[in-house]
Every structure is written in C-alpha cells, then in structure tokens.
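Take a look at the structure set out below.
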Amino acid sequence: MLKIHGIGPSPFVRKVRIVLEEKNLAYELKPIMPGAGDEAFAAISPLGKIPVLEEDGWTMPDSSVIIAYLEATHPDPAVYPVDARLLARARWFEEYADTALVSVIGPDIFRQRVVGPAFFGKDCDESVVRTAIDEKLPPLFDYIEGELGSNDYLAGDFSIADISVVSMLINMAHASELVDGARWPALAGLYQRVVERPAVARLIAEERELFQRAA
Ligand SMILES: N[C@@H](CCC(=O)N[C@@H](CS)C(=O)NCC(=O)O)C(=O)O
C-alpha cells in the first residue's frame, strides 16, 4: 500500500492527500512532524521535509514530484490538464502556491496563530498576522483574482492548480482567516468550490479534530 510520511495540516502533505483521495487510492499516513526527522527520515528526505511517498520500499520526496508520479501511475481521474499550455499554466499555479503563498501564510499566519500556541506554548504576535493579511497577501491574491477572471478554475477544469492554491488557503482558514469575498470574489468562490469537494471536506474535518485534541 502507498504510504505518505507527514502530517495532515502541512499544506504540502494535504496537496498529496487531496490527489490520493480524488484518485480514490488507498494509502496510509505515517505521522512525522516537520523538522523532527531522525537519521532514517533524513535518508528518505534529503531536505528533511514532508511529504515523502513510500511504495513497496521505494521512496520519493516533494509534493509536486509525488503528485506527478501519482498522475503517471494512476491517470484517471486526471489532476493535470492534457493541453500543453493549460498544463504549463496549472504547474505555474502549483509553483506560485508552493513558493509565494506558503512563504506568507506558513510563517506569518499559520505558525503564529496555530502551530506556536498549540504545539510550542508560544503566544501569537498579532502584528505579524496583520501585516501578512493587510500588506503581504493582497498583491498575491490580486494576481490570482485577475488570472481567474470569470472562470471556475485556474487552468481549465479542476486541477493541481486549484488544489495547490486552496491547500494554502486551508491553512489560513485553520488560523481563522478567510479570503475576503468582497475584495476577491473569484478567489473566495474557488476556495468554496474546492473545500466543498467530499475528499477535501473529509481531510479538513480530520485536521480540525487534530487541532482540537492538541488544544
Ligand atoms: N517543496 C516541498 C516543500 C515541503 C515543505 O516545505 N514541507 C514543510 C512542512 S509544511 C517541512 O517539512 N518543513 C520542515 C523543514 O523545512 O525543516 C514539497 O512540495 O513537498
């Protein structure tokens, strides 16, 4: 059986789990906290990051690489567009989420409001959160809003582009911050469409339970 090393609330682990669930693939989650890996983990994750995929003793790190592998081995239903330009566009939004969105939402919002208080007994510095919401995120959201326009999804049909962007927004939601639908209606609509998918809703409910237990 496929195994995923990581924990549910990581946006990168979530990306992979959403794809596994959308493709209806059975898998086992092997919990490991980010940054807490031992030597055995370092051997399968040279950068020390989660997630890592394991299949019959073979391992591969990195959410984007794992998802590309899952798409190649289990193409139906597809999470990548077929058209070459749409595919490039989908990969671009995956990259945009995995670099630009995470660099603000991860340290400035999710870590401040959720990880610090729940797991490290650290108080949240609300000024960091406010700067992220009021100054750092708006240009990033403006860009996605403009690219979405009147479309339901970022690159044709529902794809890895939408999974990647919304996975980051779910971390924001765990930190009690939602995309302002008055300012970014297309992005707020995308968020809603994706979190209502049964596979995604199931994972979010499971993650919430985890936080409740930690609180
Ligand atoms: N490019 C990687 C990024 C993964 C990543 O940054 N994971 C974080 C958790 S959300 C992590 O493991 N951080 C631990 C560390 O950097 O030491 C991917 O797509 O899988």
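Computed quantities for the displayed model
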| quantity | calculated |
| --- | --- |
| About the Cα centre, charge dipole magnitude for the range 84-214 (Lys/Arg +1, Asp/Glu -1 at Cβ), debye | 260 debye |
| Apportionment of accessible area to carbon and sulfur, the chain, percent (1.4 Å) | 54 percent |
| Cα-only Debye scattering, the range 2-73: base-10 log of I(q)/I(0) at q = 0.17, 0.18, 0.27 Å⁻¹ | -0.53, -0.59, -1.37 |
| For the range 81-215: accessible area per residue (Å², 1.4 Å) | 49 Å² |
| Assigned charges on the beta-carbon of Lys, Arg, Asp, Glu; the range 16-150 dipole about Cα centre (debye) | 160 debye |
| Overall form of the range 97-161 per C-alpha gyration tensor (a/c, 1.5; a/b vs b/c) | prolate |
| Of A118, I105, V179, farthest towards positive along the dipole that unit charges on Lys, Arg, Asp, Glu beta carbons give the range 84-214 | A118 |
| Accessible area (Å², 1.4 Å probe, nearest 10) - M33 | 80 Å² |
| Dipole-positive endmost among L190, A201, V165 within the range 97-215 (Cβ charges, Cα centre) | A201 |
| Residue-level accessible surface for W58, protein heavy atoms, 1.4 Å, Å² | 100 Å² |
| Mean ellipticity per residue at 222 nm, deg cm²/dmol - from DSSP H runs of n ≥ 4 across the chain, formula -39500 (n - 2.57) | -15000 deg cm²/dmol |
| Alpha carbon convex hull of the chain, projected area averaged over orientations, nm² | 11.8 nm² |
| Residue pairs, from the table K3/K136; K3/K23; K3/K49, whose Cα atoms sit over 24 Å apart | K3/K136 |
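The values are calculated or read from the model by the stated rules, or taken from the named source; none is laboratory data. Predicted model, so just to flag it, every value in this text is computed and none were measured. No Cβ is skipped: glycine too gets one built from the backbone with ideal geometry, and neighbour counts run over all protein chains shown. Surface areas here come from the heavy atoms of the whole protein model, side chains and all, with no ligands, DNA or RNA. Shrake-Rupley method; radii C 1.70, N 1.55, O 1.52, S 1.80 Å.
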